[in-house]
Ligand SMILES: C[S@@+](CC[C@H](N)C(=O)[O-])C[C@H]1O[C@@H](n2cnc3c(N)ncnc32)[C@H](O)[C@@H]1O
């Protein structure tokens, strides 16, 4: 789907992802903080209408949230001002395959960004280069195995990563966790795939 397809989807169905952040993203960020990651600067890449960016900001992170859908970013900005918390998130219209921050960051979260698998691995590699030493990357997406064993998500196998695709994206980083993650979806189960990695530090 290109940006205009996503614009149409957000116009047709505002609040499509709800306001609650994905539990796995919350638990990975929280465990990184418990393990010593200081709250600082974060990027929510492919932020949609901003459920993860807003959650991070509420926990003290200074967030840049990037999506190539202008409509999603407009809806995110509107929610930000509804919250009366304007200013804690900088909303940016940008393409995840080309955009880059001007300074290194402490954390990047990516929720359900699905790209051709070579492109995804390349983007994850680029994102690894945005991290400060000890900075964390959390990617959560629908897994390739979701097609046969799960529900929901894109039905196009060329954009559904398996473990090996995310491993390629994590080259050069210290892998904290790389695994499937089963998520209740109504009466069924969705199969997600998680990469949590960090940039190496001298120990
Ligand atoms: C399934 S939604 C997830 C939104 C959000 N991360 C969440 O979990 O609520 C996927 C998002 O990826 C965005 N997206 C897809 N390809 C993109 C690209 N190349 N650059 C930036 N955003 C992209 C879409 O516009 C959409 O908002």
With a 10 Å radius around each residue's Cβ, average the other Cβ atoms per peptide and rank 150-159, 89-98, highest first. 89-98, 150-159
Distances longer than 18 Å among the Cα atoms of the range 126-191: what percent of all pairs is that? 43
Taking alpha-carbon centroids only, the range 61-140 lies from the range 30-54 a number of Å equal to 10
Starting from the Cα of residue 132, step 7 Å toward the Cβ, then list every residue of the range 20-50 with an amide N under 12 Å from that point. 37-42
What relative contact order, as a whole-number percentage, does the chain give when Cα pairs under 8 Å and 6 or more residues apart are counted? 18
Cα gyration tensor, the chain - rounded (a/c under 1.5), prolate or oblate: rounded
Can you bin the range 18-117 into rounded, prolate or oblate? Criterion: square roots of the alpha carbon gyration tensor eigenvalues sorted a ≥ b ≥ c, rounded for a/c under 1.5, prolate for a/b above b/c, oblate for the rest. rounded
Work the Kirkwood hydrodynamic radius out for the range 93-166: mean of 1/r over every pair of different alpha-carbon atoms, inverted, in Å. 13.2
Evaluate 2.2 N^0.38 Å with N set to the residue count of the range 1-59, then give the Cα radius of gyration divided by it. 1.33
Under the definition of Cα pairs under 8 Å and six or more residues apart, what whole-number percent is the relative contact order of the range 34-153? 26
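Quick note: the coordinates plus some simple rules give every number you see, no bench work behind them. All values reported here derive from a predicted model rather than from experimental measurement. Using ideal geometry, Cβ is built from the backbone for each residue, glycine included, and neighbour counts are taken over all protein chains shown.
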